[in-house]
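Below is one structure; the comments refer to it alone.
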Amino acid sequence: MADYNMHVLVCGGTGCKASESEQIKNNFKKYLSELGLADEVQVITTGCFGFCEKGPIVKILPDNTFYTQVTPKDVWEIVEEHIVKGRKVKHLLYKDPKNDHLIPDATGMDFYKKQIRIALRNCGFINPENVEEYIARDGYAALGTCLSEKTPEEVIQVVKDSGLRGRGGGGFPTGLKWELTRKAAGDQKYVVCNADEGDPGAFMDRSILEGDPHSVIEAMAICGYCVGADKGLVYIRAEYPLAIQRLKVAINQAKEYGLLGTDILGTGFHFDIELKYGAGAFVCGEETALIHSMEGLRGEPTVKPPFPAESGYLGKPTNVNNVETFANIPVIINKGAAWFSAIGTEKSKGTKVFALAGNINNVGLIEVPMGTTLREVIYDIGGGIKDGKEFKSVQTGGPSGGCLTKDFLDVPIDYDNLLKAGSMMGSGGMIVMDEGDCMVSIAKFYLEFTLEESCGKCTPCRIGNKRLHEILDKITSGKGTREDLDRLRILGNVIKDTSLCGLGQTSPNPVLSTLDNFMDEYLAHVDEHKCPAGQCKKLLHYSIDDEKCTGCTLCFRNCPVGAISGEKRSPHYIDQSLCIKCGVCLEKCKFGAVLIR
Amino acid sequence: MTKIKTLADLKRIRDEVQSKIKLREQGDKPDKLVQIKVSMATCGIASGAKETMTYLIDELEHQGIDAVVTQTGCMGYCFAEPTIELTIPGKEPVVYGHVGKEKALEIIEKHIKLGEMVDGIIPVSYKTIDE
């Protein structure tokens, strides 16, 4: 049995792999066995370190040395100097950009860690179905402190001072919202948790509820104490069965332990939570529509004011916050407003959870401080674009957001900067697209979603989006004109200005932002009837190269519509009037004779 | 369970559970146990986390290795599901990605039994609220 006393960890993340980390590992193994050290030093491939900009990364344990931008040629030096002689290889150490100091020991140094987990602090740490594990990590301590040591006004002041803003997308200051509900007159008040996460590709709230349901329950009780409510409601979509189950378990445990119910912690404060199920309508993420849906009415928004803080659920003052917003609250109380507001940018404090998806290497759930740039998120944490392709665009804010180009990669992420850039924070979906994606099709895809999810109450959203979609369909079919582009813009702006709720007001964003940022692609579609990314089927043209075609008849036999003709052993031909552009011929041809343009 | 009546009660329970967990992790006592957490959010389960967890429990029992296998929420590494976190008493926790049955067996045979790490470790790339 080998008795390893040293470990070499070589990053095997996709980014580092592309820069020869495999070769680095092999070199380590080779040199170590040459020196007879193979039984003492173990070489291991790891996943991504999240610092791809400085990759390939090699970390040596137990002395925690962190080498950056290592090449296969450097390996001998590391083995000879570091492993054999115990001297660190200075030129490969990371230099702190702040003061140019070399960092020889990565113990406790988090210089390369771009993420901070506040809302996700317990996700992946505790068993979500065991309240004691939550209590062990200071769970319910914030509620205890608030109830026994602070007045509701004091707690609201802490939340206000922290600078926390609504994580559901709007970014309304949470403390202010609580204060408004507190001040509203009413014999009965409600606290509502909005768990109607509906953006395609977003799963932040689901993960929090599945991984740390007690944090939301605790925060709702704190909110109830502040606004003067003894009843909490969680509006959650029925298609989140596991989140629902874990919430139920958590609520029951909290009741059993006396952390929910009557006379909580002997302070005379009562609070109970009930679940309300939604049927998965996107518009019900809008707070007035959500409240109507809870009341058993159609999930349609109404004009604000009156705001839910004055007249919400059953006409009573109601405070609606999103899951992630609530998950931040206990930490803010425990650690203090100053601790929280030290993280982030001037106007956006704390962190934001993003569901990072699309054509990216490390798809995942991440939490970064406000002010982190899109580049850091995509290239360092996300590990860059899949298959070494070129980055094209990043979509933030889901169907209500916009598509940003590489010119925006260095924008620090916060509510205001993203709005300025023509997109929005939204609830935290982030979808990365590469050169193979057609931006006109992407705009059409998102519009299809909002079109389906539009409740139909107001005309601009119901009919306007339908017309927008028709124009986009025309363009992707190669029948669009330049006038259509003007129409898209005019109509888009009208919908934005005149729709009743957030869904309609933001639904043209994907179209307007792609018009702004990817005009050349729209022009290629309308002027040349071409799709530069090769995504718009109707604009593709398949033909057969006479010189390469051997007349093997494979395409002829596989064409589902009989559009291909030709004699055996002589070049074949595609009848354009019959071709449905399914691409089977291209896939089947062994000689690369099928051309596509 | 009797209800928690005061803030002091809550703190006492917190300290008790904390020391219980500490004991388990540091293994100062003879009942030191290997601890495995399996990431079991919807996405992890969809990628096979349940099978991995069942396999780990069965195989550890079959081999007579004392270990605590529990479920936890999303660790955030969607690209590497199913993921598990392994804590050997007295050592730092290690996260492994892409843990199917084969990988699980390799982890049991090498890491748990021999103390050798195996390929597929996911480095912790975030700060916690306590840092």
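Listed conditions (1) under 21 Å from A:PRO399 (Cβ atoms); (2) crowded, with 17+ Cβ neighbours inside 10 Å; (3) not basic (Lys, Arg) are all met by A:THR498, apart from (2).
Out of the residues in region A:208-232 that are within 14 Å of chain B (Cβ to nearest Cβ) and charged (D, E, K, R), which is surrounded by the most Cβ atoms within 10 Å (Cβ to Cβ)? Selected residue: A:ASP212. Within region B:87-110, residues that are under 14 Å from B:VAL34 (Cβ atoms) have Cβ atoms under 6 Å from residues that are of a type in the set (Gly, Ala, Ser) in these pairs: B:PRO89/B:GLY27; B:GLY90/B:GLY27; B:TYR96/B:GLY120, counting only partners at least 6 apart in sequence or on another chain. Within region A:122-132, being surrounded by fewer than 24 Cβ atoms within 10 Å (Cβ to Cβ) and either facing chain B (nearest Cβ under 7 Å) or closer than 23 Å to A:GLY428 by Cβ (or both) holds for A:PHE125, A:ASN127, A:GLU132.
Which residue out of B:GLU85, B:GLU102, B:GLU109 is outside any loop (DSSP other than H, G, I, E, B), within 13 Å of the chain's Cα centre (by Cα) and surrounded by fewer than 22 Cβ atoms within 10 Å (Cβ to Cβ)? Can you show your working first?
On the way: B:GLU102 fails: within 13 Å of the chain's Cα centre (by Cα); B:GLU109 fails: within 13 Å of the chain's Cα centre (by Cα).
So the residue among B:GLU85, B:GLU102, B:GLU109 that is outside any loop (DSSP other than H, G, I, E, B), within 13 Å of the chain's Cα centre (by Cα) and surrounded by fewer than 22 Cβ atoms within 10 Å (Cβ to Cβ) is B:GLU85.
If you check A:VAL353, A:VAL363, which single one turns out to be surrounded by fewer than 24 Cβ atoms within 10 Å (Cβ to Cβ), within 23 Å of B:CYS78 (Cα to Cα) and β-branched (Val, Ile, Thr)? I'd like the intermediate steps shown before the answer.
Values: A:VAL353 fails: surrounded by fewer than 24 Cβ atoms within 10 Å (Cβ to Cβ).
Going through A:VAL353, A:VAL363 in turn, just one is surrounded by fewer than 24 Cβ atoms within 10 Å (Cβ to Cβ), within 23 Å of B:CYS78 (Cα to Cα) and β-branched (Val, Ile, Thr): A:VAL363.
If the Cβ limit is 7 Å and pairs must be 6+ apart or interchain, which residue in region A:461-487 that is buried (at least 17 other Cβ atoms within 10 Å of the Cβ) pairs with which residue that is polar (S, T, N, Q)? As it stands, the answer is A:CYS461/A:SER454; A:CYS461/A:SER499; A:CYS461/A:SER507; A:ASN465/A:THR450; A:ASN465/A:SER454; A:ASN465/A:SER507; A:THR476/A:SER441, since those pairs meet every condition given.
Within region A:190-207, the set of residues being within 16 Å of the chain's Cα centre (by Cα), more than 14 Å from A:ILE236 (Cβ to Cβ) and more than 12 Å from chain B (Cβ to nearest Cβ) comprises A:ASP199, A:PRO200, A:ALA202.
Do we find a residue being of a type outside the set (A, V, I, L, M, F, W, C) and on the phi > 0 side of the Ramachandran plot anywhere in region A:336-345?
Going residue by residue through region A:336-345, those that are of a type outside the set (A, V, I, L, M, F, W, C) are A:336, A:341, A:344-345.
Filter once more, so that each one left must be on the phi > 0 side of the Ramachandran plot: A:336, A:344.
Yes: region A:336-345 contains one or more residues that are of a type outside the set (A, V, I, L, M, F, W, C) and on the phi > 0 side of the Ramachandran plot.
Within region A:571-591, residues that are closer than 23 Å to A:SER477 by Cβ have Cβ atoms under 8 Å from residues that are among the polar types (S, T, N, Q) in these pairs: A:ILE574/A:SER543; A:ASP575/A:SER565; A:VAL584/A:ASN558; A:CYS585/A:ASN558, counting only partners at least 6 apart in sequence or on another chain. The test for being within 30 Å of A:TRP339 (Cβ to Cβ) and surrounded by 14 or more Cβ atoms within 10 Å (Cβ to Cβ) does not hold for A:GLN69. Look at (1) of a type in the set (A, V, I, L, M, F, W, C); (2) more than 10 Å from every other protein chain (Cβ to nearest Cβ); (3) without any contact (Cβ under 8 Å) to a residue 24 or more places away in the chain and you find that B:LEU56 fails only one, number (3).
When we screen A:VAL8, A:VAL79, A:VAL75, A:VAL84 for residues that are within 12 Å of chain B (Cβ to nearest Cβ) and not polar (S, T, N, Q), the only hit is A:VAL8. Return a yes/no flag: does region A:161-168 have any residue that is in contact with a Pro (Cβ under 8 Å, 6 or more places away or on another chain) and within 14 Å of another protein chain (Cβ to nearest Cβ). No, the conditions are met nowhere in region A:161-168.
Counting only residues that are under 17 Å from A:LYS113 (Cα atoms) and within 12 Å of chain B (Cβ to nearest Cβ), region A:36-54 holds 7 of them. Does B:ILE107 meet the test of being within 7 Å of chain A (Cβ to nearest Cβ) and either under 30 Å from A:LYS335 (Cβ atoms) or in contact with a strand residue (DSSP E or B) (Cβ under 9 Å, 6 or more places away or on another chain) (or both)? Spelling it out, it is not the case that B:ILE107 is within 7 Å of chain A (Cβ to nearest Cβ) and either under 30 Å from A:LYS335 (Cβ atoms) or in contact with a strand residue (DSSP E or B) (Cβ under 9 Å, 6 or more places away or on another chain) (or both).
One line per residue, one yes/no per condition, for (1) away from chain B (no Cβ under 14 Å); (2) free of Cβ contacts under 8 Å to residues at least 40 places away in the same chain; (3) more than 22 Å from the chain's Cα centre (by Cα):
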{"site": "A:GLY299", "(1), (2), (3)": "yes, no, yes"}
{"site": "A:PHE326", "(1), (2), (3)": "yes, no, no"}
{"site": "A:MET370", "(1), (2), (3)": "yes, no, no"}
{"site": "A:THR373", "(1), (2), (3)": "yes, no, no"}
{"site": "A:ASP380", "(1), (2), (3)": "no, no, no"}
{"site": "A:GLY398", "(1), (2), (3)": "yes, no, no"}
{"site": "A:LEU404", "(1), (2), (3)": "yes, no, no"}
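Could you please let me know if A:TYR542 is in contact with a strand residue (DSSP E or B) (Cβ under 9 Å, 6 or more places away or on another chain) and among the hydroxyl-bearing types (Ser, Thr, Tyr)? Yes, satisfied. Among the residues here, A:LYS17 qualifies as surrounded by 17 or more Cβ atoms within 10 Å (Cβ to Cβ), modelled with pLDDT under 85 and away from every other protein chain (no Cβ under 12 Å). Those strands (runs of 3 or more DSSP E) of region A:1-83 in which 3 or more residues are in contact with a strand residue (DSSP E or B) (Cβ under 9 Å, 6 or more places away or on another chain) and not polar (S, T, N, Q) occupy A:6-11, A:41-46, A:58-61.
One line per residue, one yes/no per condition, for (1) crowded, with 16+ Cβ neighbours inside 10 Å; (2) modelled with pLDDT of 90 or more; (3) within 30 Å of A:ALA342 (Cβ to Cβ):
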{"residue": "A:GLY12", "(1), (2), (3)": "yes, no, no"}
{"residue": "A:ASN26", "(1), (2), (3)": "no, yes, no"}
{"residue": "A:ALA38", "(1), (2), (3)": "yes, no, no"}
{"residue": "A:HIS101", "(1), (2), (3)": "no, no, yes"}
{"residue": "A:ASP105", "(1), (2), (3)": "no, no, yes"}
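Taking the residues in region A:184-239 that are part of a loop (DSSP other than H, G, I, E, B) and acidic (Asp, Glu) as candidates, determine which candidate is farthest from A:LEU260 (Cα to Cα).
The first filter runs over region A:184-239 and keeps only residues part of a loop (DSSP other than H, G, I, E, B), leaving A:184-189, A:196-203, A:212, A:228-230, A:238-239.
Adding the requirement that they be acidic (Asp, Glu) leaves A:187, A:196-197, A:199, A:212, A:230, A:239.
On the way: A:ASP187: 21, A:ASP196: 23, A:GLU197: 25, A:ASP199: 31, A:ASP212: 16, A:ASP230: 10, A:GLU239: 26 Å.
Here the residue is A:ASP199.
Using the structure shown, decide if A:GLY139 is over 30 Å from A:THR506 (Cβ atoms), touching a Pro at 6+ places or on another chain (Cβ under 8 Å), within 12 Å of another protein chain (Cβ to nearest Cβ) and of a type outside the set (Val, Ile, Thr). Yes, satisfied.
Residues checked against (1) in the same structural domain as A:ALA250 (by TED's automatic domain parsing); (2) at pLDDT 95 or above; (3) not aromatic (Phe, Trp, Tyr):
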{"residue": "A:ASP110", "(1), (2), (3)": "no, no, yes"}
{"residue": "A:LYS113", "(1), (2), (3)": "no, no, yes"}
{"residue": "A:ILE116", "(1), (2), (3)": "no, no, yes"}
{"residue": "A:GLY124", "(1), (2), (3)": "no, no, yes"}
{"residue": "A:ALA136", "(1), (2), (3)": "yes, no, yes"}
{"residue": "A:ALA142", "(1), (2), (3)": "yes, yes, yes"}
{"residue": "A:CYS146", "(1), (2), (3)": "yes, yes, yes"}
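Kindly indicate whether B:LYS91 is outside any loop (DSSP other than H, G, I, E, B) and either buried (at least 20 other Cβ atoms within 10 Å of the Cβ) or within 14 Å of chain A (Cβ to nearest Cβ) (or both). Here the answer is no, as B:LYS91 does not meet what is asked.
The values are calculated or read from the model by the stated rules, or taken from the named source; none is laboratory data. On a predicted model such as this, the values are computed, not experimentally measured, just so you know. Positions of Cβ are generated from backbone atoms using ideal geometry, with glycine treated the same way; all protein chains shown enter the neighbour counts.
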